Amino acid sequence: MKSFEPLDWRNFSPAPVIGVDEVGRGCLAGPVYAAAVSFKSDILSDLVTDSKLLSEKRREELAKEILLHHHVGIGFATVEEIDEINILQASLLAMKRAVEKLEVSSGHILIDGNQKIPNMSMSFKQTTVVKGDLRVALISAASIVAKVTRDQLMKELALQYPHYGFEAHKGYSTAVHKKSIATYGPCIVHRKSFSGVKEYFSL
């Protein structure tokens, strides 16, 4: 099994160094969210890891601390944008919006995955990091904030669209979710371009 060595964000320049990650790319419903995080200090830098490895309660605790102690930008792309430009481009657009929310004019962006953010100002340097949410504390922090923010939205959407169980699966392609789509048909927050949803729009 391939090992992925940790990377110290302090080794990158120019400052500020910004970690970026997205969440919700594989979902059948809801927007895709991204967060951008720039640390003000070492507070929390040794406590964060990939959001998927943390309990929901722990993610929520850490997200509050990250928002309190560090610079954070949050961006998203809508379901309509996902269907129009595809999920990869929508994910990158959400990342761009998250960085822009930081209101900094330059820096070094560390991006989870292998795709750079298109149409980003040339004053930003970009480095892609495969498994970055496990290897770079800044990206881990971004993954936590993005996940908690999106999960909260999906819980709110569950109140509007109670048939689908969004509060449990957050829009991911679970057996329960797929069965509810087959039973009730898709709702307005389902992604029309996704397999598992589009078949029911064509009926």
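Every number here is computed from the coordinates shown, using simple stated rules; none is lab data. Owing to the predicted nature of the structure, the values given are computational and were not obtained by experimental measurement. Virtual Cβ from ideal backbone geometry, glycine too; neighbours counted across all protein chains shown.
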Two-site label geometry, Arg58 and Thr78: point separation in nm, points 7 Å out along Cα→Cβ: 3.7
For the range 84-101 and the range 129-203, what is the centre-to-centre distance using only Cα atoms, to the nearest Å? 16
Mind checking which of Ala34, Met122, Pro14 is farthest towards the positive end of the range 9-150's charge dipole, using Cβ charges of +1 (Lys, Arg) and -1 (Asp, Glu) about the Cα centre? Pro14
For the range 1-59, state what percent of all Cα-Cα pairs lands in each successive 5 Å bin, counting from 0 Å until the bin that includes the largest distance. 4, 12, 18, 24, 20, 13, 7, 1
Please build a GNM for the chain, connecting alpha carbons under 10 Å apart, and tell me which residue among Val189, Val20, Val104 fluctuates the most. Val104
Using alpha-carbon pairs under 8 Å, 6+ residues apart, how would you state the relative contact order of the range 3-110 in percent? 39
If you build a Gaussian network model of the chain, linking Cα atoms that sit under 10 Å apart, which residue out of Asn114, Asn86, Asn11 swings the most? Asn11
Using just the helices of the chain, give the 222 nm mean residue ellipticity in deg cm²/dmol: DSSP H runs with n ≥ 4 each add -39,500 (n - 2.57), and the total is spread over all residues, rounded to 500. -12000 deg cm²/dmol
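In percent, what relative contact order does the chain have, based on Cα pairs under 8 Å that are 6 or more apart in sequence?
Working: 410 pairs, mean separation 60.5, N = 203.
Computed over the chain, the figure is 30 percent.
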Sorted by chain and number, the residues with a modelled amide H under 5 Å from that of Ala29, at a separation of 5 or more or across chains, are Arg191
Can you give the translational diffusion coefficient of the range 9-150 in µm²/s, computed by Stokes-Einstein from the Kirkwood radius over Cα pairs at 4 °C and 1.567 mPa s? 89
Lys and Arg at +1, Asp and Glu at -1: add these up for the other residues within a Cβ distance under 10 Å of Ala36 and post the number. +1
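As a test, work out the antiparallel percent of DSSP beta bridges whose residues both lie in the chain, rounded to the nearest 5.
Here the share of antiparallel DSSP bridges comes out near 55 percent.
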So, in nm, how far is label Ala15 from label Gln115 when the simple model puts each one 7 Å beyond its Cα toward the Cβ? 3.2
Mind telling me which of Thr149, Thr127, Thr183 comes out most flexible in a GNM of the chain, alpha-carbon contacts under 10 Å? Thr183
Ordering of 89-95, 61-67, 39-45, 28-34 by packing [mean C-beta count within 10 Å, highest first]: 28-34, 89-95, 61-67, 39-45
Leu159-Ser105 pseudo-label distance in nm [points 7 Å out on the Cα-to-Cβ vector]: 4.2
In Hz, Karplus ³J(HN,Hα) per residue of the range 98-115 (6.51, -1.76, 1.60; θ = phi - 60°; x = Gly, Pro): 5, 4, 4, 5, 6, 6, 10, 9, 7, x, 10, 9, 9, 10, 5, x, 10, 10
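Using the Cα centre as the reference, give the magnitude of the dipole from point charges on the C-beta atoms of the chain (Lys, Arg: +1; Asp, Glu: -1; all else neutral), rounded to the nearest 20 debye.
The calculated dipole for the chain is roughly 320 debye.
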In whole Hz, with x marking every Gly and Pro, tabulate ³J(HN,Hα) for the range 86-94 from phi via Karplus 6.51 cos²θ - 1.76 cosθ + 1.60, θ = phi - 60°. 5, 5, 4, 5, 5, 5, 5, 5, 4
